[in-house]
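Please read through the structure below; I'll follow up with questions.
FYI, it's all coordinate maths here, none of it is from the lab. None of the values given here were measured: they were computed from a predicted structure. Don't worry about glycine lacking a Cβ; one is built from the backbone with ideal geometry, like all the others, and counts go over all protein chains shown.
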Amino acid sequence: MSPIQIGQLLHSSIQSFTFGCAIPKPEMPHFGAFVKVPIQNGTAHAIGTIYNIVLEDDDLVRQIVGNQDTPIEIIQDQRQRQMPIEVSVLTLGYMQGTKVRTGLPPQPPLTLSHIALCEHTEIAALTSDFNFLRLIFQASDAPTDELTVRVLEQAAQAHPNRAQYLRTAGQYLAQLMGNDFQRLDTILRRLESLL
Amino acid sequence: MSDLDDFLPRDEDNRPIGLENDTASEEARVRLGVVVGGSLSKGITVKLDSSSAVGQTIEDMAVGRYVVAQGLTKRKFFSIVTDIILDNTNPAIEQTPPDPSSPFLADIYRATVAYGRANISPMLMLEEDAKEPRPNKTIPAHFSPVFKATEEDVNQVFGEEDDDHFYIGSPLDMDGVKVNLDLDRFVERSSGVFGKSGTGKSFITRTLLAAVIAKQKASCLIFDMHSDYGWEITNERGKTWKGLTQILASNRPSLYTLDAETSRARNNTISGEFQIQYSDIEPADVEMLSSMLNLSDVQTGALYYLRRKLGKDWVAKLLDEKGSDEIDTIIDEGMLVKGTLSAIQRKFELFRRMDFLVEKSSNNVVTEIFDKLTNGTSVVLEFGKHGDNLPAYMLVANYLTRRVHQRYVEAKNKATTQKGAQPKPLMIVIEEAHKFLDPEIAKHTIFGTIARELRKYNVTLLVVDQRPSGIDDEVMSQIGTRVTALLDNEADIRAVFSGVSGASSLREVLARLDTQQQALILGHAVPMPVVIKTRDYDETLYRAVGYLNEDDQQTAYESAKSDFDEGYL
Ligand SMILES: Nc1ncnc2c1ncn2[C@@H]1O[C@H](COP(=O)(O)OP(=O)(O)OP(=O)(O)O)[C@@H](O)[C@H]1O
Ligand SMILES: [Mg+2]
């Protein structure tokens with residue numbers, strides 16, 4: 001089974017990359033999803049999580065927006081146009097063969113590389129320790145707290161005992177951000193609601 | 001190993017440690033936490049592990065519990081838990097504690113932001129290849145793991161049970177594990193059993209005496225105030241236990257009584273009645289009662305004068321209601337004012353109720369008792385109805401002890417100068433010891449002397465008391481082994497620890513013992529202080545000291561008979 005391709009790389013750095021894709025399907029791409037992209041000539045993959053999805057406007061959209069009642073055909077036409085959606089990914093780890101490590105990859109992915117969704121086993125391997133949470137907390141332009149909750153939600157599904165996984169994650173967070181009790185408490189309450 | 005494993009620590013067999021349940025195996029050490037700070041002088045701080053059973057590590061932790069810190073250089077540090085503390089990394093959690101209806105949050109906080117700490121006092125240290133633990137001069141390094149003590153740990157410290165080491169109880173929550181008391185060291189110096197009323201002092205004392213006598217470590221002279229030691233004991237709920245004279249089959253103590261009527265009614269087998277002739281009482285025997293009789297210094301001084309003037313029968317003469325010329329002369333001569341004399345006479349009235357005081361006694365019971373003691377036979381002196389009469393108890397204890405001690409001194413001196421046999425060590429057991437050893441009188445009474453002269457004459461004390469603060473400091477500091485049940489008075493607790501360095505951390509332990517059958521033992525006869533659940537005083541113990549019940553007797557008889565039939569005898 002070949003992985004589900006969801007887009008192609010626009011630009012990248014060691015810490016993050018952005019890819020473009022066509023009009024999204026209802027379920028993909030979504031905030032907090034785990035994706036991978038080949039690096040180093042396809043000998044390895046960078047793995048990350050989607051932290052932002054941007055749709056640009058253009059002149060036509062601006063004109064249409066002015067109308068009070070845009071006919072439904074026009075809206076659909078507009079959405080059929082080849083206008084890329086920009087998806088930003090925070091790199092959390094990389095994979096050589098089946099070996100997955102957290103941390104930043106040795107090289108960034110090249111433009112036009114294909115982006116694919118991660119398999120359950122890859123997600124499980126990447127999130128079996130919680131070091132990836134540190135990278136999320138260090139990201140400067142990602143909505144850290146929200147992203148943490150969504151990423152843990154995805155990760156928990158890849159582990160056999162969801163509740164235990166979330167509890168252990170919660171303990172890690174409590175150590176990581178114990179000095180910011182209000183923020184910690186908010187995140188933990190969100191995790192609790194996922195049980 | 002991933003981080004997840006750090007949260008789920010595992011032992012070598014990859015079993016989670018301290019998580020889920022401890023079923024795995026009895027030997028598996030239960031980890032309690034890690035050393036995070038502290039000092040040699042003030043004790044060590046341990047951060048407690050979080051347990052999967054909510055709050056278990058903290059709530060199962062008990063002051064007085066025996067734990068082992070496994071040092072990083074393979075040294076083991078045997079320690080006692082002295083305090084348990086709830087702590088947090090962020091005080092904000094005290095303002096907004098998680099909702100109890102939300103176990104998820106509480107669980108997470110309990111393992112991280114909020115955690116338990118324990119203070120432990122390292123007492124002994126065992127080097128990697130050493131057999132014997134030694135007092136510790138260092139402490140376990142940072143992050144040394146701390147475990148519940150195992151049976152093996154306890155045995156390493158307290159040794160095997162044998163003829164010199166008697167099993168007296170088990171560490172808290174370690175039923176069946178034996179803490180053994182070194183009997184030779186126990187009788188080597190004076191000892192004390194302390195505790196509030198009803199905490200089990202008499203039971204502990206009886207156990208200790210059974211061991212000392214059965215193993216022939218010393219002859220004991222027991223002033224049995226409340227008939228606790230000699231014959232059958234009945235508690236307020238009607239349960240009965242056997243006394244020393246019943247269970248010690250081979251080295252049976254002799255039972256003397258001041259109240260033959262009661263002893264006979266109890267069906268006790270007595271060796272004799274204890275009586276004192278008036279003419280044998282000396283002023284020094286009475287002087288010890290001065291505070292109880294409210295004798296002023298002048299009156300006390302007058303006793304000696306009266307003895308000199310009136311001769312051997314001074315007490316009888318003073319008690320004689322008809323009066324006598326002799327007494328009139330004393331007043332006439334002006335050596336004594338009438339007020340002093342009649343005060344003394346009034347105060348002596350209480351001798352009339354002591355019907356063991358007699359004009360003439362047929363046997364010389366003091367010599368009889370001394371001979372038994374020097375031959376290795378212990379003596380229990382039962383007070384019967386006089387048990388509640390403290391002046392009677394003190395008079396007799398003082399009277400007999402002074403005379404026995406005097407003979408021991410002579411025997412010892414003789415043994416030293418003529419290289420003869422040393423007298424058997426003697427241990428004198430007194431209850432309400434603070435009455436004998438209070439600072440006012442300890443300096444010049446026989447009991448203070450015995451405590452202070454150590455075992456110079458092979459005589460030591462075993463004091464039983466519920467108010468150790470009333471005992472003279474200097475005497476207290478000579479008490480080598482202290483067995484202490486619950487005490488709740490601050491002064492008493494302080495007294496028990498006087499002269500014991502580094503004991504302050506044990507105060508909390510002492511104040512929190514159970515109200516019965518738990519005791520802290522520290523001092524000469526144990527390698528380190530330990531809190532025990534005292535051994536049940538029951539059939540098993542009776543047998544351990546040589547008691548033969550009917551079945552045993554039958555078996556013994558049959559084996560002797562078959563030896564006989566086979567011609568061995
Ligand atoms: N080792 C034991 N085995 C069995 N029962 C015990 C033991 N220790 C204590 N007890 C129980 O505790 C009760 C009180 O013990 P004990 O008479 O020794 O107390 P005490 O400290 O001597 O009290 P007091 O100060 O009134 O003399 C006993 O009657 C008995 O029921
Ligand atoms: Mg008692």
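Roughly how big is the range A:5-194's charge dipole about its Cα centre, with Cβ charges of +1 (Lys, Arg) and -1 (Asp, Glu), in debye to the nearest 20?
That gives the range A:5-194 a dipole magnitude of about 740 debye.
Out of all DSSP beta bridges in the protein assembly as shown, what portion is antiparallel? Express it as a percent rounded to 5.
75
Work from the charge dipole of the protein assembly as shown (Cβ charges, +1 for Lys and Arg, -1 for Asp and Glu, about the Cα centre) and give the residue of B:T205, B:V36, A:P105 farthest towards its positive end.
Checked the options; the winner is B:T205.
Return the average number of partner chain Cβ atoms within 10 angstrom of each residue Cβ along peptide A:130-140.
Mean partner-chain Cβ count within 10 Å for A:130-140: 1.
Measuring from label point to label point, each 7 Å out along Cα→Cβ, what is the A:E119 to B:H142 span in nm?
4.3
Below 12 Å, Cα to Cα, which aspartates and glutamates can A:K36 reach? Residues fewer than 8 away in the same chain don't count.
Output for A:K36: A:E119, A:E122.
First check a/c for the range B:279-353, with a ≥ b ≥ c the square roots of the eigenvalues of its C-alpha gyration tensor; if it is under 1.5, answer rounded, and if not, answer prolate when a/b is larger than b/c or oblate otherwise.
Rounded, because the longest to shortest axis ratio a/c is under 1.5.
Ok, one more. What is the calculated FRET efficiency for B:E440 to B:S41, with r their C-beta to C-beta distance and R₀ = 35 Å, to the nearest 0.05?
My answer for the efficiency is 0.50.
How about B:K309: which lysines have a C-alpha closer than 26 Å to its C-alpha, ignoring those fewer than 8 places off in the same chain?
Excluding near neighbours in sequence, the set is B:K317, B:K322, B:K338, B:K347, B:K360.
Rounded, prolate or oblate: pick one for the range A:5-194, where a ≥ b ≥ c are the square roots of the eigenvalues of its C-alpha gyration tensor, a/c under 1.5 means rounded, and failing that, prolate if a/b is larger than b/c, else oblate.
Oblate shape, in that a/c is at least 1.5 and b/c is the bigger or equal ratio.
If you look for lysine pairs in the range B:405-564 that are eight or more places apart or on different chains, how many of them have Cα atoms under 23 Å apart?
Count of close lysine pairs: 9.
To continue, here is another question. So which trypsin sites (Lys or Arg not before Pro) in the range A:15-81 end up in coil per DSSP with only 12 or fewer other C-beta atoms within 10 Å?
Counting only loop positions with at most 12 other Cβ atoms within 10 Å, the trypsin sites (Lys or Arg not before Pro) in the range A:15-81 are A:R81.
Let me ask you something else. Count, for each residue of B:100-109, the Cβ atoms from other chains sitting within 10 Å of its Cβ, then give me the mean as a whole number.
Average per residue, whole number: 5.
Please report, in debye to the nearest 20, how large the charge dipole of the protein assembly as shown is about its Cα centre when each Lys and Arg carries +1 at its beta carbon and each Asp and Glu carries -1 there.
The calculated dipole for the protein assembly as shown is roughly 1800 debye.
Report the trypsin sites (Lys or Arg not before Pro) located in the range B:142-242 that are in a DSSP loop and have at most 10 other Cβ atoms inside 10 Å of their Cβ, or state none.
Taking the range B:142-242 and a limit of 10 other Cβ atoms within 10 Å, the loop trypsin sites (Lys or Arg not before Pro) found are B:R237, B:K239.
While we're looking at this one, here's another question. Find how much the distance from B:Q406 to B:L72 grows on full extension, using 0.36 nm per residue of separation minus their present alpha carbon separation; answer in nm with one decimal.
114.6 nm
Putting +1 on Lys and Arg Cβ atoms and -1 on Asp and Glu Cβ atoms, find which of B:V380, B:S342, B:V187 reaches farthest to the positive end of the dipole of the protein assembly as shown.
Of B:V380, B:S342, B:V187, it is B:S342.
If you don't mind, there's one more thing I want to ask. Compute the FRET efficiency between B:N88 and B:S498 as 1/(1 + (r/R0)^6), taking r as their Cβ-Cβ distance and R0 = 25 Å, and round to the nearest 0.05.
For B:N88 and B:S498, the calculated efficiency is 0.10.
Just how far, in whole angstrom, is the range B:358-399 from the range B:127-162 if you go by their alpha carbon centroids?
46
Still on this structure, I have one more. Loop only by DSSP, 14 or fewer other Cβ within 10 Å of the Cβ. Give me the GluC sites (Glu not before Pro) in the range B:358-451 that pass, ordered by residue number.
Sparse-neighbourhood loop GluC sites (Glu not before Pro): B:E359.
Next question, about the same structure. State, to one decimal in nm, how far the label point of B:R452 lies from the label point of A:E56, with both points 7 Å from Cα in the Cβ direction.
10.3
Percentage of Cα-Cα pair distances in the protein assembly as shown greater than 48 Å, rounded to whole percent?
I get 45 percent for the Cα pairs in the protein assembly as shown exceeding 48 Å.
Could the peptides B:321-331, B:134-144, B:67-77, B:115-125 be put in order, highest first, of the mean number of other beta-carbon atoms found within 10 Å of their residues?
Top to bottom by mean Cβ count within 10 Å: B:115-125, B:67-77, B:134-144, B:321-331.
If you don't mind, another one. Counting only residues 5 or more places away or on other chains, whose amide H sits under 5 Å from the amide H of A:I115 once H atoms are built in the peptide plane?
Excluding prolines and chain starts, which carry no amide H, the hits are A:I6, A:G7, A:Q8, A:L9.
Which value in nm describes the separation of the simple spin-label points at B:D129 and B:K338, placed 7 Å from the Cα toward the beta carbon?
It is 8.9 nm.
Something else: Efficiency by 1/(1 + (r/R0)^6): what FRET value for B:E152 and B:K385, r their Cβ-Cβ distance, R0 = 51 Å, to the nearest 0.05?
The pair B:E152/B:K385 has a calculated efficiency of 0.50.
Here's something else I'd like to know. How shielded is B:113-121 by partner chains, expressed as the average number of their Cβ atoms within 10 Å of its Cβ atoms?
Shielding by partners across B:113-121 averages 1.
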